[in-house]
Amino acid sequence: MSYYTGEKEFFPNVKKVTFEGPGSDNPLSFKFYDPERVVRGKKMRDHFRFSVAYWHSFCATGGDPFGNGTLVHPWIGTNPMETARMKADACFEFATKADMDFYCFHDIDAAPEGGSIEETEENLRLVTKMLKERQEVSGVKLLWNTANMFSHPRYMNGAATNPDFHVLAYAASQVKAALESNVELGGQNYVFWGGREGYSSLLNTNMKREQEHLAKFLMAARDYGRSIGFNGTFMIEPKPMEPSKHQYDYDAATVIGFLRKWGLDKDFKLNIEANHVTLANHSFAHDLRVCADEGLLGSVDANRGDPQNGWDTDQFPTDVYDTVEAMMVILKNGGLGTGGLNFDAKLRRNSTDAEDLFIAHIGGMDTFALGLLIADRLLEEGKVDQFVSNRYSSFDSGAGKDFVDGKLTLADLRDYAVKQGAPKQISGKQEMLENYINQVMFSTVK
Ligand code: XLS
Ligand code: CA
Ligand code: CA
(Lines give C-alpha, C1' and ligand atoms only; values in the text may rest on other atoms or scores of the structure.)
(Ligands and ions follow the chains in the order given, each with its own letter.)
Protein backbone atom coordinates (compact mmCIF):
# COMPACT_ATOMS: atom_id res chain seq x y z
CA MET A 1 0.00 0.00 0.00
CA SER A 2 1.45 3.38 -0.93
CA TYR A 3 1.26 6.48 1.17
CA TYR A 4 -1.49 8.93 0.33
CA THR A 5 -1.83 12.60 1.10
CA GLY A 6 -4.02 14.91 -0.93
CA GLU A 7 -3.35 18.56 -1.66
CA LYS A 8 -3.37 19.35 2.02
CA GLU A 9 -2.10 17.07 4.78
CA PHE A 10 -4.79 16.85 7.47
CA PHE A 11 -2.80 14.89 10.04
CA PRO A 12 0.69 16.43 9.67
CA ASN A 13 1.79 15.32 13.12
CA VAL A 14 1.14 11.65 12.49
CA LYS A 15 3.44 9.47 10.43
CA LYS A 16 2.63 5.98 9.23
CA VAL A 17 1.74 3.84 12.25
CA THR A 18 3.95 0.76 12.60
CA PHE A 19 4.33 -2.18 14.95
CA GLU A 20 6.67 -1.35 17.82
CA GLY A 21 5.66 -4.12 20.23
CA PRO A 22 4.23 -4.10 23.76
CA GLY A 23 7.31 -2.41 25.23
CA SER A 24 6.88 0.78 23.20
CA ASP A 25 5.70 3.92 24.95
CA ASN A 26 4.70 5.57 21.67
CA PRO A 27 0.88 5.87 21.71
CA LEU A 28 0.96 6.13 17.90
CA SER A 29 2.36 2.62 17.40
CA PHE A 30 0.87 -0.86 17.35
CA LYS A 31 1.72 -2.89 20.43
CA PHE A 32 0.21 -6.22 19.35
CA TYR A 33 -1.05 -5.73 15.77
CA ASP A 34 1.82 -6.66 13.48
CA PRO A 35 0.20 -6.55 10.01
CA GLU A 36 2.72 -8.82 8.29
CA ARG A 37 2.95 -11.42 11.07
CA VAL A 38 1.62 -14.79 9.95
CA VAL A 39 -0.85 -16.56 12.22
CA ARG A 40 -2.37 -19.86 11.06
CA GLY A 41 -0.88 -19.41 7.60
CA LYS A 42 -2.36 -15.95 7.07
CA LYS A 43 -1.03 -12.44 7.61
CA MET A 44 -2.68 -10.59 10.46
CA ARG A 45 -3.92 -7.91 8.03
CA ASP A 46 -5.71 -10.59 6.01
CA HIS A 47 -7.37 -12.08 9.08
CA PHE A 48 -8.98 -8.75 9.90
CA ARG A 49 -9.30 -6.68 6.72
CA PHE A 50 -9.65 -3.58 8.92
CA SER A 51 -11.83 -0.76 7.68
CA VAL A 52 -12.42 2.84 8.71
CA ALA A 53 -16.01 4.15 8.79
CA TYR A 54 -16.51 7.41 6.90
CA TRP A 55 -19.50 8.54 8.94
CA HIS A 56 -18.01 8.40 12.42
CA SER A 57 -14.47 9.40 11.55
CA PHE A 58 -14.89 12.13 8.94
CA CYS A 59 -18.51 13.36 9.24
CA ALA A 60 -19.63 13.23 12.88
CA THR A 61 -18.59 16.13 15.08
CA GLY A 62 -19.43 14.82 18.54
CA GLY A 63 -22.91 16.32 18.91
CA ASP A 64 -25.38 14.55 21.21
CA PRO A 65 -29.02 15.26 22.20
CA PHE A 66 -27.75 17.62 24.91
CA GLY A 67 -25.04 19.55 23.14
CA ASN A 68 -23.46 20.61 19.90
CA GLY A 69 -20.45 19.07 18.25
CA THR A 70 -17.06 19.49 19.86
CA LEU A 71 -14.88 18.64 16.86
CA VAL A 72 -14.03 21.17 14.18
CA HIS A 73 -12.83 19.24 11.14
CA PRO A 74 -10.22 20.91 8.94
CA TRP A 75 -11.72 19.28 5.83
CA ILE A 76 -14.63 21.69 5.43
CA GLY A 77 -14.53 23.55 2.10
CA THR A 78 -16.38 26.58 0.75
CA ASN A 79 -19.09 24.47 -0.94
CA PRO A 80 -20.46 20.92 -0.47
CA MET A 81 -18.52 19.37 -3.36
CA GLU A 82 -15.26 20.90 -2.17
CA THR A 83 -15.95 19.50 1.28
CA ALA A 84 -16.62 16.10 -0.30
CA ARG A 85 -13.21 16.18 -1.98
CA MET A 86 -11.40 17.26 1.16
CA LYS A 87 -13.20 14.65 3.23
CA ALA A 88 -12.15 11.97 0.75
CA ASP A 89 -8.56 13.18 1.08
CA ALA A 90 -8.81 13.01 4.87
CA CYS A 91 -10.22 9.47 4.72
CA PHE A 92 -7.49 8.13 2.43
CA GLU A 93 -4.71 9.92 4.31
CA PHE A 94 -6.02 8.46 7.54
CA ALA A 95 -6.42 4.93 6.19
CA THR A 96 -2.92 4.79 4.74
CA LYS A 97 -1.30 6.29 7.84
CA ALA A 98 -3.22 3.91 10.13
CA ASP A 99 -2.32 1.03 7.77
CA MET A 100 -5.96 0.09 7.18
CA ASP A 101 -6.74 -1.72 3.94
CA PHE A 102 -10.43 -0.78 3.62
CA TYR A 103 -13.06 1.91 4.13
CA CYS A 104 -16.89 1.97 4.26
CA PHE A 105 -19.36 4.76 3.56
CA HIS A 106 -23.03 5.73 3.25
CA ASP A 107 -23.93 7.63 0.06
CA ILE A 108 -24.56 10.89 1.91
CA ASP A 109 -21.41 10.61 4.04
CA ALA A 110 -19.34 11.08 0.92
CA ALA A 111 -21.57 12.97 -1.53
CA PRO A 112 -23.98 15.79 -0.71
CA GLU A 113 -27.66 15.21 -1.34
CA GLY A 114 -28.91 17.45 -4.19
CA GLY A 115 -32.24 19.21 -4.72
CA SER A 116 -33.58 16.38 -6.91
CA ILE A 117 -32.95 12.69 -7.44
CA GLU A 118 -31.02 13.47 -10.62
CA GLU A 119 -28.77 15.96 -8.84
CA THR A 120 -28.13 13.54 -5.96
CA GLU A 121 -27.22 10.82 -8.45
CA GLU A 122 -24.84 13.16 -10.26
CA ASN A 123 -23.14 14.19 -7.00
CA LEU A 124 -22.55 10.57 -6.11
CA ARG A 125 -21.19 9.84 -9.56
CA LEU A 126 -18.69 12.71 -9.24
CA VAL A 127 -17.63 11.67 -5.76
CA THR A 128 -17.32 8.04 -6.86
CA LYS A 129 -14.79 9.22 -9.45
CA MET A 130 -12.81 11.01 -6.74
CA LEU A 131 -12.90 7.94 -4.52
CA LYS A 132 -11.78 5.71 -7.35
CA GLU A 133 -8.75 7.89 -8.05
CA ARG A 134 -7.82 7.84 -4.39
CA GLN A 135 -8.29 4.07 -4.19
CA GLU A 136 -5.93 3.64 -7.13
CA VAL A 137 -3.20 5.84 -5.65
CA SER A 138 -3.43 4.52 -2.10
CA GLY A 139 -4.39 0.86 -2.57
CA VAL A 140 -7.16 1.28 0.02
CA LYS A 141 -10.26 -0.67 -1.06
CA LEU A 142 -14.00 -0.45 -0.50
CA LEU A 143 -15.19 -3.05 2.03
CA TRP A 144 -18.82 -1.96 1.65
CA ASN A 145 -21.07 0.96 1.00
CA THR A 146 -24.71 1.54 1.79
CA ALA A 147 -27.51 4.04 1.34
CA ASN A 148 -28.53 6.19 4.28
CA MET A 149 -32.30 5.71 4.35
CA PHE A 150 -32.86 6.87 7.90
CA SER A 151 -31.60 10.44 8.42
CA HIS A 152 -33.78 12.43 6.02
CA PRO A 153 -37.26 13.37 7.36
CA ARG A 154 -38.85 11.64 4.35
CA TYR A 155 -37.89 8.35 6.01
CA MET A 156 -39.58 9.10 9.33
CA ASN A 157 -42.07 6.24 8.71
CA GLY A 158 -39.50 3.90 7.17
CA ALA A 159 -37.86 3.43 3.79
CA ALA A 160 -38.58 -0.01 2.27
CA THR A 161 -41.23 -0.52 4.99
CA ASN A 162 -42.85 2.89 4.61
CA PRO A 163 -46.66 2.68 4.35
CA ASP A 164 -46.37 5.15 1.44
CA PHE A 165 -45.17 3.49 -1.79
CA HIS A 166 -43.81 6.82 -3.04
CA VAL A 167 -41.22 6.90 -0.23
CA LEU A 168 -40.23 3.28 -0.96
CA ALA A 169 -39.57 4.24 -4.59
CA TYR A 170 -37.47 7.19 -3.42
CA ALA A 171 -35.40 4.83 -1.26
CA ALA A 172 -34.96 2.57 -4.29
CA SER A 173 -33.42 5.45 -6.23
CA GLN A 174 -30.77 5.76 -3.52
CA VAL A 175 -30.00 2.04 -3.47
CA LYS A 176 -29.74 1.97 -7.27
CA ALA A 177 -27.20 4.80 -7.27
CA ALA A 178 -25.28 3.31 -4.34
CA LEU A 179 -25.01 -0.06 -6.10
CA GLU A 180 -23.71 1.65 -9.25
CA SER A 181 -21.12 3.45 -7.14
CA ASN A 182 -20.17 0.15 -5.50
CA VAL A 183 -19.59 -1.59 -8.83
CA GLU A 184 -17.51 1.35 -10.08
CA LEU A 185 -15.35 1.14 -6.94
CA GLY A 186 -15.00 -2.65 -6.95
CA GLY A 187 -16.78 -2.89 -3.59
CA GLN A 188 -16.67 -6.30 -1.94
CA ASN A 189 -20.02 -6.09 -0.16
CA TYR A 190 -23.17 -4.01 -0.01
CA VAL A 191 -24.89 -3.49 3.36
CA PHE A 192 -28.49 -2.76 4.37
CA TRP A 193 -29.06 -1.42 7.84
CA GLY A 194 -32.68 -0.46 8.41
CA GLY A 195 -32.76 2.11 11.19
CA ARG A 196 -36.32 3.12 10.35
CA GLU A 197 -37.46 -0.31 9.14
CA GLY A 198 -39.63 -1.03 12.15
CA TYR A 199 -42.32 0.79 14.07
CA SER A 200 -42.99 3.01 17.04
CA SER A 201 -46.60 1.81 17.52
CA LEU A 202 -48.42 -1.35 16.49
CA LEU A 203 -51.67 0.65 16.42
CA ASN A 204 -50.76 2.24 13.08
CA THR A 205 -48.65 -0.60 11.66
CA ASN A 206 -49.24 -3.66 9.48
CA MET A 207 -46.10 -5.64 10.26
CA LYS A 208 -46.90 -8.42 7.82
CA ARG A 209 -47.22 -6.08 4.85
CA GLU A 210 -44.19 -4.02 5.83
CA GLN A 211 -41.94 -7.07 6.01
CA GLU A 212 -43.26 -8.36 2.70
CA HIS A 213 -42.43 -5.00 1.11
CA LEU A 214 -38.95 -5.15 2.62
CA ALA A 215 -38.40 -8.59 1.09
CA LYS A 216 -39.58 -7.43 -2.35
CA PHE A 217 -37.37 -4.35 -2.10
CA LEU A 218 -34.32 -6.49 -1.29
CA MET A 219 -35.10 -8.82 -4.18
CA ALA A 220 -35.25 -5.85 -6.55
CA ALA A 221 -31.91 -4.56 -5.19
CA ARG A 222 -30.33 -7.99 -5.55
CA ASP A 223 -31.55 -8.39 -9.12
CA TYR A 224 -30.36 -4.92 -10.12
CA GLY A 225 -26.99 -5.39 -8.40
CA ARG A 226 -26.39 -8.70 -10.15
CA SER A 227 -27.50 -7.22 -13.49
CA ILE A 228 -24.85 -4.48 -13.35
CA GLY A 229 -22.03 -6.80 -12.31
CA PHE A 230 -22.06 -6.64 -8.52
CA ASN A 231 -20.78 -10.06 -7.54
CA GLY A 232 -19.92 -9.35 -3.93
CA THR A 233 -22.03 -10.20 -0.91
CA PHE A 234 -25.23 -8.42 0.07
CA MET A 235 -25.58 -8.06 3.81
CA ILE A 236 -28.17 -7.18 6.39
CA GLU A 237 -27.02 -5.65 9.65
CA PRO A 238 -29.30 -6.53 12.57
CA LYS A 239 -30.14 -4.10 15.34
CA PRO A 240 -33.07 -4.50 17.72
CA MET A 241 -33.99 -0.84 18.24
CA GLU A 242 -32.74 2.75 18.05
CA PRO A 243 -33.83 4.83 16.30
CA SER A 244 -37.08 2.82 15.91
CA LYS A 245 -38.68 1.40 19.04
CA HIS A 246 -38.62 -1.98 17.33
CA GLN A 247 -36.63 -2.89 14.21
CA TYR A 248 -37.57 -5.86 12.06
CA ASP A 249 -33.93 -6.94 11.70
CA TYR A 250 -33.87 -7.51 15.45
CA ASP A 251 -30.95 -9.92 15.78
CA ALA A 252 -29.10 -12.58 13.80
CA ALA A 253 -31.65 -15.34 14.40
CA THR A 254 -34.52 -13.09 13.29
CA VAL A 255 -32.72 -11.94 10.15
CA ILE A 256 -31.74 -15.49 9.18
CA GLY A 257 -35.38 -16.61 9.51
CA PHE A 258 -36.42 -13.70 7.27
CA LEU A 259 -33.74 -14.39 4.64
CA ARG A 260 -34.67 -18.07 4.51
CA LYS A 261 -38.41 -17.34 4.31
CA TRP A 262 -37.91 -15.18 1.21
CA GLY A 263 -35.15 -17.23 -0.41
CA LEU A 264 -32.63 -14.41 0.02
CA ASP A 265 -30.03 -16.51 1.84
CA LYS A 266 -28.12 -17.36 -1.36
CA ASP A 267 -27.14 -13.72 -1.94
CA PHE A 268 -27.29 -12.22 1.54
CA LYS A 269 -25.21 -12.75 4.65
CA LEU A 270 -25.11 -10.79 7.90
CA ASN A 271 -23.00 -7.88 9.06
CA ILE A 272 -22.81 -8.26 12.82
CA GLU A 273 -22.18 -5.17 14.94
CA ALA A 274 -21.02 -5.84 18.49
CA ASN A 275 -22.99 -3.02 20.11
CA HIS A 276 -26.21 -4.00 18.31
CA VAL A 277 -25.91 -7.55 19.57
CA THR A 278 -25.51 -6.40 23.16
CA LEU A 279 -28.54 -4.10 22.73
CA ALA A 280 -30.47 -7.29 21.88
CA ASN A 281 -29.25 -8.75 25.20
CA HIS A 282 -26.88 -11.24 23.63
CA SER A 283 -23.10 -11.31 23.79
CA PHE A 284 -21.11 -10.25 20.69
CA ALA A 285 -19.93 -13.84 20.20
CA HIS A 286 -23.50 -15.14 20.40
CA ASP A 287 -24.66 -13.55 17.16
CA LEU A 288 -21.35 -14.38 15.46
CA ARG A 289 -21.98 -18.01 16.37
CA VAL A 290 -25.59 -17.92 15.21
CA CYS A 291 -24.38 -16.72 11.80
CA ALA A 292 -21.37 -19.03 11.59
CA ASP A 293 -23.53 -22.06 12.49
CA GLU A 294 -25.80 -21.20 9.54
CA GLY A 295 -22.98 -20.41 7.10
CA LEU A 296 -24.11 -16.78 6.96
CA LEU A 297 -21.37 -14.86 8.76
CA GLY A 298 -20.56 -11.98 6.44
CA SER A 299 -18.74 -9.13 8.09
CA VAL A 300 -18.26 -7.42 11.45
CA ASP A 301 -18.81 -3.89 12.69
CA ALA A 302 -16.32 -3.71 15.51
CA ASN A 303 -17.19 -1.59 18.52
CA ARG A 304 -18.61 -2.00 22.01
CA GLY A 305 -21.34 -0.62 24.22
CA ASP A 306 -20.96 0.67 27.73
CA PRO A 307 -21.98 -1.82 30.41
CA GLN A 308 -23.78 0.91 32.38
CA ASN A 309 -25.67 2.40 29.40
CA GLY A 310 -28.52 0.83 27.49
CA TRP A 311 -27.87 2.56 24.19
CA ASP A 312 -25.66 2.37 21.14
CA THR A 313 -22.51 4.11 22.40
CA ASP A 314 -20.35 2.83 19.51
CA GLN A 315 -17.11 2.89 21.51
CA PHE A 316 -13.86 1.53 20.18
CA PRO A 317 -13.28 -2.07 21.29
CA THR A 318 -10.97 -2.49 24.28
CA ASP A 319 -12.29 -5.66 25.91
CA VAL A 320 -9.95 -8.54 25.13
CA TYR A 321 -12.32 -11.21 26.50
CA ASP A 322 -14.83 -10.12 23.86
CA THR A 323 -12.33 -10.23 21.00
CA VAL A 324 -10.96 -13.62 22.11
CA GLU A 325 -14.43 -15.12 21.91
CA ALA A 326 -15.14 -13.34 18.63
CA MET A 327 -11.89 -14.49 17.05
CA MET A 328 -12.50 -18.09 18.14
CA VAL A 329 -15.71 -18.02 16.10
CA ILE A 330 -14.11 -16.22 13.15
CA LEU A 331 -11.10 -18.57 13.03
CA LYS A 332 -13.31 -21.64 13.18
CA ASN A 333 -15.42 -20.12 10.43
CA GLY A 334 -12.32 -20.04 8.23
CA GLY A 335 -12.28 -16.21 8.25
CA LEU A 336 -14.72 -13.60 7.02
CA GLY A 337 -14.62 -14.23 3.27
CA THR A 338 -15.48 -11.00 1.46
CA GLY A 339 -16.15 -9.32 4.83
CA GLY A 340 -13.83 -7.57 7.23
CA LEU A 341 -13.68 -5.69 10.52
CA ASN A 342 -15.10 -2.23 10.14
CA PHE A 343 -14.62 0.16 13.07
CA ASP A 344 -18.17 1.46 13.33
CA ALA A 345 -17.00 3.37 16.37
CA LYS A 346 -16.68 6.98 17.37
CA LEU A 347 -14.45 9.00 19.60
CA ARG A 348 -15.92 10.25 22.85
CA ARG A 349 -16.98 13.85 22.32
CA ASN A 350 -14.27 15.12 24.65
CA SER A 351 -11.46 13.32 22.75
CA THR A 352 -10.64 16.32 20.61
CA ASP A 353 -6.99 16.03 19.53
CA ALA A 354 -6.41 15.10 15.86
CA GLU A 355 -4.25 12.18 16.98
CA ASP A 356 -7.09 10.72 19.09
CA LEU A 357 -8.66 9.23 15.96
CA PHE A 358 -5.44 7.28 15.38
CA ILE A 359 -5.06 6.28 19.02
CA ALA A 360 -8.63 4.96 19.08
CA HIS A 361 -8.17 2.85 15.94
CA ILE A 362 -4.78 1.59 17.12
CA GLY A 363 -6.43 0.46 20.36
CA GLY A 364 -9.16 -1.36 18.46
CA MET A 365 -6.68 -3.06 16.13
CA ASP A 366 -4.44 -4.10 19.04
CA THR A 367 -7.46 -5.44 20.94
CA PHE A 368 -8.41 -7.63 17.98
CA ALA A 369 -4.77 -8.68 17.49
CA LEU A 370 -4.68 -9.87 21.11
CA GLY A 371 -7.98 -11.64 20.52
CA LEU A 372 -6.52 -13.41 17.48
CA LEU A 373 -3.29 -14.46 19.20
CA ILE A 374 -5.08 -15.77 22.29
CA ALA A 375 -7.83 -17.48 20.28
CA ASP A 376 -5.14 -19.13 18.17
CA ARG A 377 -3.44 -20.43 21.31
CA LEU A 378 -6.74 -21.71 22.73
CA LEU A 379 -7.58 -23.52 19.51
CA GLU A 380 -4.03 -24.88 19.28
CA GLU A 381 -4.20 -26.31 22.82
CA GLY A 382 -7.65 -27.65 21.99
CA LYS A 383 -8.77 -28.03 25.60
CA VAL A 384 -11.99 -26.07 25.24
CA ASP A 385 -12.99 -27.90 22.06
CA GLN A 386 -12.11 -31.20 23.66
CA PHE A 387 -14.24 -30.38 26.69
CA VAL A 388 -17.21 -29.44 24.50
CA SER A 389 -16.99 -32.51 22.31
CA ASN A 390 -16.74 -34.79 25.38
CA ARG A 391 -19.79 -33.07 26.76
CA TYR A 392 -21.88 -34.35 23.85
CA SER A 393 -20.18 -37.73 23.50
CA SER A 394 -23.30 -39.65 24.61
CA PHE A 395 -24.70 -38.82 21.15
CA ASP A 396 -21.65 -40.25 19.35
CA SER A 397 -22.41 -43.95 19.71
CA GLY A 398 -25.05 -46.45 20.82
CA ALA A 399 -28.60 -45.27 21.42
CA GLY A 400 -27.59 -41.57 21.37
CA LYS A 401 -26.23 -42.00 17.84
CA ASP A 402 -29.35 -43.94 16.81
CA PHE A 403 -31.44 -40.98 18.03
CA VAL A 404 -29.39 -38.51 15.98
CA ASP A 405 -29.77 -40.78 12.96
CA GLY A 406 -33.53 -40.62 13.37
CA LYS A 407 -33.86 -44.29 14.29
CA LEU A 408 -35.59 -43.98 17.67
CA THR A 409 -39.24 -43.27 18.43
CA LEU A 410 -40.48 -41.43 21.49
CA ALA A 411 -41.42 -44.80 22.99
CA ASP A 412 -37.89 -46.14 22.34
CA LEU A 413 -36.49 -43.12 24.19
CA ARG A 414 -38.80 -43.82 27.11
CA ASP A 415 -37.73 -47.47 27.26
CA TYR A 416 -34.07 -46.44 27.17
CA ALA A 417 -34.63 -44.08 30.10
CA VAL A 418 -36.36 -46.82 32.10
CA LYS A 419 -33.50 -49.23 31.46
CA GLN A 420 -30.78 -46.75 32.44
CA GLY A 421 -32.45 -45.41 35.59
CA ALA A 422 -31.86 -41.85 36.83
CA PRO A 423 -29.16 -39.92 34.90
CA LYS A 424 -25.92 -39.13 36.74
CA GLN A 425 -25.25 -35.47 37.48
CA ILE A 426 -22.56 -34.14 35.08
CA SER A 427 -20.96 -30.78 35.87
CA GLY A 428 -20.88 -28.05 33.18
CA LYS A 429 -17.55 -26.81 34.66
CA GLN A 430 -18.04 -23.19 33.58
CA GLU A 431 -15.71 -21.78 36.22
CA MET A 432 -12.96 -24.22 35.32
CA LEU A 433 -13.14 -23.07 31.68
CA GLU A 434 -13.20 -19.40 32.66
CA ASN A 435 -10.15 -19.90 34.87
CA TYR A 436 -8.39 -21.69 32.04
CA ILE A 437 -9.01 -18.75 29.66
CA ASN A 438 -7.41 -16.41 32.23
CA GLN A 439 -4.48 -18.78 32.58
CA VAL A 440 -3.88 -18.78 28.83
CA MET A 441 -4.35 -15.01 28.60
CA PHE A 442 -2.12 -14.05 31.50
CA SER A 443 0.39 -16.89 31.83
CA THR A 444 3.25 -14.50 31.06
CA VAL A 445 2.35 -12.12 33.93
CA LYS A 446 4.82 -12.53 36.78
C1 XLS B 1 -26.16 2.33 13.05
C2 XLS B 1 -25.54 1.40 12.12
C3 XLS B 1 -25.08 1.98 10.79
C4 XLS B 1 -24.79 0.89 9.80
C5 XLS B 1 -24.70 1.38 8.39
O6 XLS B 1 -26.42 2.02 14.22
O7 XLS B 1 -24.48 0.77 12.78
O8 XLS B 1 -23.99 2.81 10.97
O9 XLS B 1 -23.61 0.20 10.09
O10 XLS B 1 -25.85 2.06 8.02
CA1 CA C 1 -22.92 -0.65 12.04
CA1 CA D 1 -23.99 1.09 16.43
### Query
Residues of segment 1-43 being among the charged types (D, E, K, R), loosely packed, with under 12 Cβ neighbours inside 10 Å and modelled with pLDDT of 95 or more, which ones?
Lys15, Lys16, Asp25, Glu36
### Query
In segment 338-372, what residues are outside any helix (DSSP H, G or I), surrounded by 22 or more Cβ atoms within 10 Å (Cβ to Cβ) and away from ligand 3 (no atom under 16 Å from the Cβ)?
Gly339, Gly340
### Task
Can you tell me which residue within segment 282-313, out of those that are surrounded by fewer than 23 Cβ atoms within 10 Å (Cβ to Cβ) and among the charged types (D, E, K, R), is nearest to ligand 1 (Cβ to nearest atom)?
Asp312
## Note on the structure
Note on segment 241-267: residues over 19 Å from Arg209 (Cα atoms) and either within 16 Å of ligand 2 (Cβ to nearest atom) or hydroxyl-bearing (Ser, Thr, Tyr) (or both) are Met241, Glu242, Pro243, Asp251, Ala252
### Task
Can you tell me which residue among Leu143, Leu168, Leu131 is in a helix (DSSP H, G or I) and open to solvent by less than 20 Å² (accessible area, probe 1.4 Å)?
Leu131
### Query
In segment 323-336, how many residues are out of contact with any strand residue (DSSP E or B) (no Cβ under 7 Å at 6 or more places or on another chain) and either within 16 Å of ligand 1 (Cβ to nearest atom) or open to solvent by 50 Å² or more (accessible area, probe 1.4 Å) (or both)?
3
### Task
Might you let me know whether segment 57-72 holds any residue that is over 17 Å from Ala345 (Cβ atoms), of a type in the set (A, V, I, L, M, F, W, C) and out of contact with any strand residue (DSSP E or B) (no Cβ under 8 Å at 6 or more places or on another chain)?
yes
### Task
Specify which of the listed residues (Thr318, Thr313) is under 28 Å from Val140 (Cβ atoms), at pLDDT 95 or above and within 13 Å of ligand 2 (Cβ to nearest atom).
Thr313
### Message
Can you tell me which condition Thr146 does not meet? The list is (1) away from ligand 1 (no atom under 12 Å from the Cβ); (2) touching a His at 6+ places or on another chain (Cβ under 8 Å); (3) polar (S, T, N, Q), and all the others hold.
### Response
(1)
### Query
With respect to Gly363, is the statement that it is within 16 Å of ligand 2 (Cβ to nearest atom) and in contact (Cβ under 8 Å) with a residue 12 or more places away in the chain true?
no
### Summary
Leu279 meets each of (1) open to solvent by less than 60 Å² (accessible area, probe 1.4 Å); (2) farther than 18 Å from Asn342 by Cα; (3) in contact (Cβ under 8 Å) with a residue 60 or more places away in the chain with one exception, condition (3)
#### Entry: Filter pass, Tyr250 being surrounded by fewer than 22 Cβ atoms within 10 Å (Cβ to Cβ), in a loop (DSSP other than H, G, I, E, B) and either in contact with a strand residue (DSSP E or B) (Cβ under 6 Å, 6 or more places away or on another chain) or on the phi < 0 side of the Ramachandran plot (or both)
yes
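Of the residues that make up segment 228-240, is at least one open to solvent by 50 Å² or more (accessible area, probe 1.4 Å) and either away from ligand 1 (no atom under 14 Å from the Cβ) or within 18 Å of Leu296 (Cβ to Cβ) (or both)? Quick ask: steps written out before the conclusion?
Initially, segment 228-240 is screened for residues open to solvent by 50 Å² or more (accessible area, probe 1.4 Å), giving 228, 231.
Narrowing further to those that are either away from ligand 1 (no atom under 14 Å from the Cβ) or within 18 Å of Leu296 (Cβ to Cβ) (or both): 228, 231.
Looking through segment 228-240, at least one residue is open to solvent by 50 Å² or more (accessible area, probe 1.4 Å) and either away from ligand 1 (no atom under 14 Å from the Cβ) or within 18 Å of Leu296 (Cβ to Cβ) (or both).
The values are calculated or read from the model by the stated rules, or taken from the named source; none is laboratory data. This is a predicted model, so every value here is computed, not measured. Cβ sites come from the backbone with ideal geometry, for glycine too, and all protein chains shown count toward neighbours. Just the protein is used for accessible areas: all its heavy atoms, side chains included, with ligands, DNA and RNA removed. Shrake-Rupley method; radii C 1.70, N 1.55, O 1.52, S 1.80 Å.
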